[in-house]
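The values are calculated or read from the model by the stated rules, or taken from the named source; none is laboratory data. Predicted model, so just to flag it, every value in this text is computed and none were measured. Positions of Cβ are backbone-derived with ideal geometry, glycine not excepted, and every protein chain shown enters the neighbour counts. Keep in mind that these areas ignore ligands, DNA and RNA; they rest on the heavy atoms of the full protein, side chains included. Shrake-Rupley method; radii C 1.70, N 1.55, O 1.52, S 1.80 Å.
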Amino acid sequence: MKTIPLLNTTEQFPVSKIFCIGKNYLAHAKEMGGNVPDSPVIFLKPVTALNTENNDIIIPSISKMVHHEVEFVLVIGKDGKNIPEKNAAEYIFGYAVGLDMTLRDIQTSAKKAGLPWTLAKGFDTSAPISPIILKEMCDETSFEICCRVNNDERQHTLTSKMIFSPEQIISYISKYFTLEKGDLIFTGTPEGVSEVHNQDIIEAELVGFTSIRHQVIFQ
């Protein structure tokens, strides 16, 4: 079973499912040339995509164009189904920062052919994630996330700019999927996604709390 460390402890948190939300920032939706969604756009990554302890991000040889996407991650602490939005915060165990690494050329080809693009999003090491910060350790209602490549800042935003709030996302997902303790929700990326290359160093930060640093290695 895959686990994520809890920040500043020796404890490990077992992971169940990985949900991801697409097009959850207005500027990013426009950046990618798509419409702003009326409801959260959901896709899944396999648990084997998780990448902890700052291990390398290994890019499959099928891709020549890879993009970084920094994301605020919700960690679910108890099981729930059909969760009312007003109660959704009760299901949050903690927070993390993650990267949704994307084989953009593979995704684009799949979209044009009307095919699923799981391969572009779910390959091994495609979901780097930081240690978890417990919810009770922070009082913020809006968090700051950023992404740097080779010390050059590429993405920077506040989670208050999300189209769908954490509570809305949790409530919506739970209508169709039973949320379980150990589930992760990558809540979408802001504008500024860009290409990375072999041996680039990517850093993602939940500012003031936790961060990750990974090297990109093309096979």
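Here are the numbers for this structure:
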item: Ordering of 187-200, 206-219 by packing [mean C-beta count within 10 Å, highest first]; result: 187-200, 206-219
item: Apportionment of accessible area to carbon and sulfur, the stretch 150-213, percent (1.4 Å); result: 42 percent
item: The stretch 1-100 - Rg (one decimal) and Dmax (whole number), Cα, Å; result: 15.8, 45
item: Per residue, in Å², the accessible surface of the stretch 87-219 once ligands and nucleic acids are set aside, probe 1.4 Å; result: 43 Å²
item: CD proxy at 222 nm, helix term only [per DSSP H run n ≥ 4: -39500 (n - 2.57); per residue of the chain; nearest 500]; result: -3500 deg cm²/dmol
item: Cα convex hull of the chain, projected area averaged across orientations, nm²; result: 11.3 nm²
item: Sequence ranges 111-118, 100-107, 178-185, ranked by mean other-Cβ count within 10 angstrom, highest first; result: 100-107, 178-185, 111-118
item: P(r) of the stretch 152-215 over all Cα-Cα pairs, binned every 5 Å from zero, in whole percent; result: 3, 12, 19, 21, 17, 14, 10, 4, 0
item: Neighbourhood charge, 12 Å Cβ-Cβ cut-off, centred on Asp105 and excluding it, Lys, Arg +1 and Asp, Glu -1; result: +3
item: The chain - percent relative contact order, Cα under 8 Å, separation 6 or more; result: 33 percent
item: Most to least packed among 40-49, 135-144 [average Cβ atoms within 10 Å]; result: 40-49, 135-144
item: Binned Cα-Cα distance frequencies in the stretch 1-59 - 5 Å width, integer %; result: 4, 14, 17, 16, 16, 16, 12, 5, 1
item: Equivalent-ellipsoid semi-axes of the stretch 82-160, from the Cα gyration tensor, Å, largest first; result: 29, 20, 12
item: Partners for Lys2 among lysines (Cα-Cα distance below 23 Å; same-chain residues under 8 apart left out); result: Lys17, Lys45, Lys78, Lys121, Lys135, Lys181
